[in-house]
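The values are calculated or read from the model by the stated rules, or taken from the named source; none is laboratory data. For clarity, every value in this text was computed on a predicted model and none was experimentally measured. Here Cβ is always computed from backbone atoms with ideal geometry, including for glycine, and neighbour counts include all displayed protein chains. Accessible surface areas use protein heavy atoms only, side chains included; no ligands, DNA or RNA. Shrake-Rupley method; radii C 1.70, N 1.55, O 1.52, S 1.80 Å.
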Amino acid sequence: MDSALIRELKTLVGPANVLSQKEDLLLYEFDGSVEKGRPEVVVFPHTTEDVSRIVKLAAKYQVPVVGRGAGTGLSGGALARGGGVMIVFARMNRILELDLENLRAVVQPGVVNLDITRAVEHAGLYFAPDPSSQKSCTVGGNVAENSGGPHTLAYGLTTNHVAALELVLPDGEIVRIGSRHGDASGYDLCGLFVGSEGTLALVTEITVKLSRKAEAVKTLLAIFDAVGDASRTVVEMTARGITPAACEMLDGWTLRAVEDYIHAGFPRDSAAVLLIEVEGLREAAVSQAAAIAEICNSNHAREVRTARDERERDLLWKGRRNAFGALGRLAPSNYVLDGVIPRSKLPEALEQIHAIGEKHGFQIGNIFHAGDGNLHPIVLYDPRDTEQFKRAIAAAEEIIRMCISLGGSLTGEHGVGMEKNELMPLLFSDADFDLMRRIHDAFNPDSSLNPGKIFPLSKGCGEIRVRKSGEAAGTRS
Amino acid sequence: MSSVANLATRLEKLIGNDRVRASEAALRDFAIAGRAPMAVLQPCSAEEVAEIVSFAAAEKLAVVACGSRSKLELGMPPQRFDLALDLTGLRQIAHYDPGDLTVSVDAGMPLNELAKALAAKNQFLPLAVPCCATSTVGGAIASGLDSTLRQQYGTPRDFLIGSEFVDGTGKQCKSGGRVVKNVTGYDLHKLLIGSLGTLAVIARLNFRTFPLPDLRGAHLAGFPTLEAALNFHASLLKSGLPFSNTEVFNSDFCALLAGFLNKEGAGVPESLAGCGWQVFVTFEGNAAVMERIERELRECSAHAQATQCQTINMQNSLQLSEALREAFDWLRRAAPSVALLRIVLPRFTPGDAAELLHASQQSPLRSAFALRACGVAYLAALADGEDAQTNAALERGVSGLFSRVEAKQGSATLLHAPVWLKDRINVWGAKRGDFPLMQRVKRAFDPHNIFAPGRFVGGI
């Protein structure tokens, strides 16, 4: 990296907001995925204008730029695949405005997801997207990845809760899109930019929609002696048109690991549990909970428990949210997959995952958003064992291919990033890539923003090369 | 052979002579603001659409995609219009998985046929949009008109999960998929919603479907003043009760609504006949939920000193909801000359609403006003004549509305107006700061600018 760029960055935002020593950069080489990519310099802007100036400076030195929130992403979206400048939004973490009357909050991208809810819960409001990492992940990262969470089932992904955005384009231009209140005339640009994984623009301000807390919440724990019974319960619930606020499944192997760590009350001898939450008016929640219990029982649930109070409810959710951490106790590393299938195919998919695990010599755990068919198989492996790592990757790819073959998709909430970009041709044709590439180039013509993400690098037609530091623009082949 | 005849012959080679029409009558049927195309084509597959678009791109011919043509007047008339693409030949349900609550349907499928297929499985699509009896699914999405159920179910961006379409180079593309949760690739299908066919020709749409509710009901409360009605409306939104739709109407709107219900042979709620302002609320759920909402609405109405209030039974509620769904259609026909605006303001205070009404009521105009909970108001300036003085009043009224909405940092769109007025007023209002980004999107989708050129925002 050109030391002149580092000097200019320090002048621009102050030396305390620039990291360029190898030992400092090491932390930013990783995120929650199995991928790696080390930036050459990390910068912490405080304002939108800072971001704009940094981007202009990077353009001057022909260095790629990648945005990063808390680095909790699971697809390598916030890794500097092409080196260059990493803009970390951790210090743009202010809630700029709360408009409770109109159910809006204006926040900087580095605000932690849960902090929005904490700021508005006194008024009976909350921010609906609730990734498992919501205590640490940032809203900017949620916007980039279009993050979900357990309650996506009823309330949708991040895109459904974003009203307007302020963007910095790769040339440093600052633009506002969307409309704080109601609809903006014209194309739904927010719909395009949310989930574009930082490949079109950097997001510097977000106007989110707040939701009203439901009057009544009922949390059920359905315990099964067979995984098939649990998955058939989900299929029947969906087919009968019952949409709970959340419907999560933990298989026996996973719940035992969780129970040993969290003591959430999951029975260690069961084959699977469903954690189901219903919300709404008291009258609706009661009848929906009763209907769900009936379906669970008709599918041979050993027991259906209802959380008696807020403490029990929190404990059950603590078990679910910290499950990935619990699994960390069992192996040096774990690979959390993210695939989607039609919900009607759930029993078949779980059987196939088991078979794929056996074939590759892994016990694959399942803890996932069953209600919307969003699978999260977990492969435990030792990254120091190269052969084992290769097998883990092979098993993962086979599972994702299985999801596609069942009519599903590559990713439900983690994004494509650099984890699945080479798998994109499983879903998209050359014509699809060609159009996506034209959209990409309309905003990021030199691939200076987050290069090497989403698009397959190995595919001729849609190829977008990973632009590395110092490379001239226009490196597309 | 004339160039038009020659064109028709070449097109016939693409899709067969029985699906290319160039008779004067056929062309007249597809005219927009008096401008007729050179040919009307009815492809029967996405592949045929792609062939036609490739041809049009090579020949630089402007293409307007149509369904039932019920909303072709939306936006500005296209600057060029060579080929009308009649998509009613694409009308299959491609895939329906009731167990997964997802459906994939061709763009030319009539909405009501899709509704019947879904109802057979006790499901529905919450796309309660105008011209429902004739509209195609593709037209409903491309036109982007509001659904009366959006308060509860959201807009199509909340339940459209994927699409297949033909871009401006004639290539068949897709976005999204058939699963309810998916973040793979750019969400290009969201851009198609409300794009008026200026980005691509939609061939197929994938939706999340919803279970039909057990019961539906409605409540109507009357108030002597706009302020009282809006205060009541605001209190309902804060109540936490799950309403499907809440609207506030003025007396002219009520009179037109009653007239439409009468014409349809539907029951007219007594309170609609009263003067003043009405607040209309719909809701759904099981019997216990309905009983509670009805009771609380009666209590709230009494507390707000409503001059009258009425609980409306399920059958009448459905009829009234359908009538409101069709408001765009009957409002535009409600007088010899009508300018219908869709207005979004950061906040609809009583003062704002009164000011807009005042601006639209240039003598001798009347105005019908309806405000929905999602912050969108519909305001129709109704002129009973088409003489120069009345036309001048209509133009003054509409211009005044645009400038007042802009001053309040809102946005307005002229959904319907006489052609002469569209020639004088930009129906989309002032350009927004993000307009250059929209131009980039347009160029990426349609590099030859062949899709309904000039119809969309800012002349896109």
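The HN-Hα couplings worked out from phi for the range A:436-446 by the Karplus form 6.51 cos²θ - 1.76 cosθ + 1.60 (θ = phi - 60°) are 4, 5, 5, 5, 4, 5, 5, 10, 10, x, 9 Hz, whole numbers, x standing for Gly and Pro. Note on the protein assembly as shown: semi-axes of the ellipsoid equivalent to its C-alpha gyration tensor, largest first and rounded to whole Å, are 44, 35, 28. Of interest is the spacing of the C-alpha centroids, which for the range A:269-344 and the range B:61-136 amounts to 38 Å.
At 222 nm, what helix-only mean residue ellipticity would chain B give, in deg cm²/dmol to the nearest 500, using -39500 (n - 2.57) for each DSSP H run of four or more? Numbers along the way, then the final one.
Details: 17 runs with 171 residues, N = 460.
So the helix-based figure for chain B works out to -11000 deg cm²/dmol.
Pull out a ≥ b ≥ c, the square roots of the eigenvalues of the alpha-carbon gyration tensor of chain A, then state rounded if a/c is under 1.5, prolate if not and a/b is larger than b/c, and oblate in the remaining case. Prolate. Computed from the C-beta positions of A:Arg329 and B:Ser235, the FRET efficiency with R₀ = 60 Å rounds to 0.70. For the range B:269-332, the residue among B:Met290, B:Ala323, B:Ser301 whose Cα projects farthest onto the positive side of the dipole built from Cβ charges is B:Ser301. Translational diffusion of the range A:24-123 was estimated from the Stokes-Einstein equation, with Rh taken as the Kirkwood radius over Cα pairs; at 20 °C and 1.002 mPa s the coefficient is 146 µm²/s.
Charge dipole of the range B:193-275 (Cα centre as origin; +1 on each Lys and Arg Cβ, -1 on each Asp and Glu Cβ, all else neutral): 420 debye, rounded to the nearest 20.
DSSP loop trypsin sites (Lys or Arg not before Pro) in the range A:341-417 with at most 15 other Cβ atoms within 10 Å of their Cβ, which ones?
Details: sites: A:Arg343, A:Lys345, A:Lys359, A:Arg384, A:Lys390, A:Arg391, A:Arg401; in loops: A:Arg384.
Answer by residue number: A:Arg384.
Of the residues A:Pro64, B:Ile52, A:Ala395, the one whose Cα sits farthest toward the positive end of the charge dipole of the protein assembly as shown, with +1 on the Cβ of Lys and Arg and -1 on the Cβ of Asp and Glu, is A:Pro64. Round to the nearest 10 and give me the degree value, 0 to 90, for the angle of helix A:48-60's Cα axis relative to the longest principal axis of chain A. Helix A:48-60 sits at roughly 60 degrees to that axis.
Between A:Leu96 and B:Glu406, the distance separating the two model label sites (each 7 Å from Cα on the Cα→Cβ line) works out to 2.4 nm. When a/c reaches 1.5 or more, the comparison of a/b and b/c decides; with that in mind, is the range B:128-233 rounded, prolate or oblate per its Cα gyration tensor? It comes out prolate by the Cα gyration axes. PRE reach from A:Ala216 (point 7 Å along Cα→Cβ): which of the range B:281-296 fall under 20 Å by backbone N? So the set is B:283-296.
For GluC sites (Glu not before Pro), the sites in the range A:63-135 that DSSP calls loop and that have at most 13 other Cβ atoms within 10 Å are A:Glu101. In this structure the amide hydrogen of B:Gln92, modeled in the peptide plane, comes within under 5 Å of the amide hydrogens of B:Asp106, none closer than 5 places in sequence on its chain. Rounded to the nearest 5, what % of DSSP beta bridges with both residues in the protein assembly as shown are antiparallel? The antiparallel proportion sits near 90 percent.
Return the FRET efficiency for the residue pair B:Leu215, A:Lys60: r is the Cβ-Cβ distance, R0 is 60 Å, and the value is rounded to the nearest 0.05. Spell out each step's value before the answer.
Values: r = 65 Å, r/R0 = 1.08.
That pair, B:Leu215 with A:Lys60, gives E of 0.40.
Evaluating 6.51 cos²θ - 1.76 cosθ + 1.60 at θ = phi - 60° for every residue in the range B:353-366, the Karplus couplings come out as 4, 5, 5, 5, 4, 4, 4, 7, 9, 5, 4, x, 7, 10 Hz, glycine and proline recorded as x. Chains B and A together bury roughly 5800 Å² of accessible surface, counting both sides and using a 1.4 Å probe on protein heavy atoms.
Just from its helices, what would the mean residue ellipticity at 222 nm be for chain A, if runs of 4 or more DSSP H residues each count -39500 (n - 2.57) and the sum is divided by every residue, rounded to the nearest 500 deg cm²/dmol?
Details: 15 runs with 159 residues, N = 477.
That calculation yields -10000 deg cm²/dmol at 222 nm.
Can you tell me which lysines have their Cα less than 16 Å from the Cα of B:Lys263? Leave out same-chain residues fewer than eight positions away. Correct list for B:Lys263: empty, as no lysines qualify.
Rounded to the nearest 20, the size of the Cβ-charge dipole of the range B:309-460 about its Cα centre is 540 debye, with Lys and Arg at +1 and Asp and Glu at -1.
Model label points for A:Ala123 and B:Arg347, set 7 angstrom from Cα along the Cα-to-Cβ axis, are 1.1 nm apart. Between the amide H of A:Ser147 and those of A:Thr158, distances stay under 5 Å, these residues lying 5 or more places away or on another chain, with hydrogens modeled in the peptide plane.
So how tilted is helix B:314-325 from the main axis of chain B? Cα-based, degrees 0 to 90, rounded to 10. Once rounded, the angle reads 50 degrees.
Given Cβ point charges of +1 (Lys, Arg) and -1 (Asp, Glu) and nothing else, what value in debye, to the nearest 20, does the dipole of the protein assembly as shown about its Cα centre take?
Numbers: 97 positive and 106 negative charges, 245 e Å.
Charge dipole, the protein assembly as shown, about its Cα centre: 1180 debye, nearest 20.
A probe of 1.4 angstrom, applied to the heavy atoms of all protein chains, finds B:Glu113 with accessible area near 80 square angstrom. Listed values for the range A:427-434 are Karplus-derived 3J(HN,Hα) couplings in whole Hz (6.51 cos²θ - 1.76 cosθ + 1.60, θ = phi - 60°), namely 10, 10, 8, 4, 5, 4, 5, 4, and x replaces Gly and Pro. Pairs of Cα atoms under 8 Å, at least six residues apart: use those to get the relative contact order of chain A, whole percent. Value for chain A: 16 percent. Each label was represented as a point 7 Å from its Cα along the Cα-to-Cβ direction; for B:Gln439 and A:Asp309 these points are 6.4 nm apart. In terms of its alpha-carbon gyration tensor, the range B:378-456 comes out oblate; a/c meets the 1.5 threshold, while b/c is at least as large as a/b.
Taking R0 as 60 Å, what FRET efficiency do you get between B:Val419 and B:His95 from their Cβ-Cβ distance, rounded to the nearest 0.05? Intermediate values should be presented prior to the final figure.
Details: r = 41 Å, r/R0 = 0.69.
E between B:Val419 and B:His95, to the nearest 0.05, is 0.90.
Please give me, ordered by residue number, the trypsin sites (Lys or Arg not before Pro) of the range A:238-308 that lie in loop per DSSP and have at most 12 other Cβ atoms within 10 Å.
Working: sites: A:Arg240, A:Arg256, A:Arg268, A:Arg282, A:Arg302, A:Arg305, A:Arg308; in loops: A:Arg240, A:Arg268, A:Arg302, A:Arg308.
In loop regions of the range A:238-308 (DSSP not H, G, I, E or B), the sparsely surrounded trypsin sites (Lys or Arg not before Pro) are A:Arg268, A:Arg308.
Roll a 1.4 Å probe over the protein chains and send me the accessible area per residue for chain A in Å². Can you show the working numbers first?
Numbers: 16330 Å² over 477 residues.
Computed with neighbouring chains in place, this is 34 Å² per residue.
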